[in-house]
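Each reported figure results from applying straightforward, stated rules to the coordinates on display, with no laboratory input. What you see is a predicted model; the values in this text were computed from it and never measured. Note that each Cβ is placed from the backbone with ideal geometry, even for glycine, and that neighbours are counted across all protein chains shown.
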Amino acid sequence: MGIPIKNICCIGAGYVGGPTMTVMASKCPYLNFNVVDINKERIASWNSDNLSKLPIFEPGLKELIVKTRNRNLFFSTNIKEAIESADIIFISVNTPTKTQGLGAGKSSDLKWVEASAREVAKYSKGHTIVVEKSTLPVRTAEVIENILNSAETNSKREEISFNVLSNPEFLAEGTAIKDLENPDRVLIGGDNQKAMIALSNLYKAWVPEEKILFTNIWSSELAKLTSNAFLAQRISSINSISAICEVTGADVREVSRAIGKDTRIGSKFLDSGPGFGGSCFKKDILNLVYLAEYFDLHDVAKFWESVVEINSWHQKRITEIVVKKLFGTVANKRLIILGFAFKANTNDTRESAAIKICRDLIIEGADLIIHDPKVNPKQIEEDLQIKQFSEEEQNEKSTIKTIHGKWRFSKSLEIFEEAHAVLVLTEWEEYKHIKWDREFKKMVKPAWVFDSRSIVNAEEVQKTGINLWRLGDGSIEKEKDIFK
Ligand code: UDX
Ligand code: UDX
């Protein structure tokens, strides 16, 4: 007989746990989903009647929340109760890169995963399938298993038992709902057939059987890291080519199109941009690097580390180009930053290229106006670690010299007055429709648009007389760069 499943618990109501459980609840209305989190504010936002207050923005999420919330999907901070009743527990907490101690800067901090496993060990009843949903370093399942096994042997409670499975999530932010509803594959790693089948039955409600892959637990963990490392590597590769395009007169869009037609290469993930961001790519590659170093595979470690190094170099390169084009200085010049999220259709800013680029420009003395349709200015302040400029505070402290530039946030796009340049850093749809002939009149001349996402209409921008720099477009460079 199979393992009976009725109640599901997910620890961690973040960018992964929240949408994943929402989609599962919509596809499996006969099961109950309890999503728990230690963060009270986050849970209150998930429960808010005002759906624009959900803690994360994802196209299609609101609609599913309306259908499922308080029907078979519940958000709460009652971790004990959710664990007690659960047949399957997904661990979906964050695993940031360690900032200190052994493996600092590379390995993931597993303290939240360990804490979650300990909570499971403390409160679970009967048989429980524990599923790693968070992306984790290879062999983390062992840590979870150790904690749970020790509870199994030492518990005074009757008959508690566990199976640990790895079931990494491959959703990308901004398309999370679509990715969850129609995944390329569902990966289930483990060594207990019954538990693996029980978990796969959940997915079978909407995922065709041939897309559900069974592997051993270590392959599953490593496959997730490898998948992200390969995707990130493609972006670093194409971004490195963009630099070559700019100096040779080639156009990276044309190069991408040409190589993408090769079915062995494929056309996805070949868009040159300001450098990859997001909570996963850098962290997962660094985990791979740490793993390789740990096993004395130093050349392997160097190979993957270079993917991250090129990404940082590339972000710095963009700042340098902006400064160079603006006659070598941006001090006291108003620059408009279009987009702060690490990609469009999300309010997430983790590892966004905008953080480094904006910080560097502020340090160079620029006066930034930052626009983003979904990111909150408080988040920007936290990311930049520089307070938002306020006129009042400035007047009070007018005797104090500012050592660098400043930034302020704008919700509206009426911000082009007196601007020397515009930098497009996130590919939000609304930036494609800016009326450049209207904005040009307000800008300081010579005015510049730096498009790191290739979304502005180049012809329209250039028609107005604005100088355009597009990432990886050597053909524009050749025509326009009179300052070299
Ligand atoms: C995910 C994955 O789980 C992580 O492994 C991946 O590499 C990055 O993305 P994500 O959902 O994006 O994490 O993280 P986040 O949005 O920070 O959400 C994690 C949630 O877990 C937070 O709301 C946090 O409060 C919660 N949490 C953390 C707990 O409920 N308990 C803990 O002990 C620790
Ligand atoms: C990624 C993986 O795609 C997903 O499978 C995994 O589960 C989590 O990590 P995510 O980080 O949410 O998802 O977004 P993704 O679309 O992969 O973009 C990551 C970064 O790469 C963004 O900064 C994006 O702008 C950039 N990118 C992506 C490019 O610069 N060019 C591209 O062609 C694609």
For the range 1-144, report the translational diffusion coefficient in µm²/s to the nearest whole number, using Stokes-Einstein at 20 °C, 1.002 mPa s, and a Kirkwood Rh over Cα pairs.
-> 136
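Using only helices, what value at 222 nm comes out for the chain when you add -39,500 (n - 2.57) per DSSP H run of length 4 or more and divide by the total residues, to the nearest 500 deg cm²/dmol? The partial results should precede the final answer.
Numbers: 18 runs with 206 residues, N = 484.
Value at 222 nm, helices only, nearest 500: -13000 deg cm²/dmol.
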Would you mind checking the tilt of helix 111-123 against the longest principal axis of the Cα atoms of the chain, expressed as 0 to 90 degrees and rounded to 10?
-> 30
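Could you please rank Y203, Y15, Y30, placing first whichever residue has the fewest other Cβ atoms within 10 Å of its Cβ?
Going from sparsest to densest Cβ surroundings: Y30, Y203, Y15.
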Note, the range 407-416: 3J(HN,Hα) by Karplus (6.51, -1.76, 1.60, θ = phi - 60°), whole Hz, Gly/Pro = x, goes 9, 9, 9, 10, 7, 9, 9, 7, 9, 8
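Going through the cross-link list K62/K178; K268/K463; K80/K224; K40/K387; K356/K406, which pairs have a Cα-Cα distance over 21 Å in this structure? Don't jump to the answer; show the numbers that get you there.
Numbers: K62/K178 13 Å; K268/K463 31 Å; K80/K224 30 Å; K40/K387 26 Å; K356/K406 14 Å.
Table pairs above 21 Å Cα-Cα are K268/K463; K80/K224; K40/K387.
What list do you get for M196, M1 if you sort them by fewest beta carbons within 10 Å? The partial results should precede the final answer.
Values: M196 20, M1 4.
Taking fewest neighbouring Cβ atoms as first place, the list is M1, M196.
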Under 17 Å Cα-Cα from K125, which aspartates and glutamates qualify once same-chain neighbours fewer than 8 residues away are excluded?
-> E81, E84, D87, E145, E152, E158, E159
Can you list, bin by bin at 5 Å, the percent of alpha carbon pairs in the range 79-180, starting at 0?
-> 2, 12, 21, 21, 16, 13, 8, 4, 1, 0
Using modelled backbone amide H atoms (1.01 Å from N, in-plane), which distant-in-sequence or interchain residues come within less than 5 Å of F162's amide H?
-> T128
Proxy exposure order for T215, T99 (fewest C-beta within 10 Å first) is T99, T215
Taking N as the number of residues in the chain, what value does Rg over Cα atoms divided by 2.2 N^0.38 Å take?
-> 1.07
Using θ = phi - 60° and the Karplus curve 6.51 cos²θ - 1.76 cosθ + 1.60, what whole-Hz ³J(HN,Hα) does each residue of the range 92-105 get, with Gly and Pro shown as x?
-> 10, 8, 6, 9, x, 5, 4, 9, 8, x, 4, x, 3, x
Just in the range 96-165: which trypsin sites (Lys or Arg not before Pro) are loop by DSSP and have at most 10 other Cβ atoms within 10 Å?
-> K156
Acute angle (nearest 10 degrees) that the helix 281-294 long axis makes with the longest principal axis of the chain, alpha-carbon atoms = 60
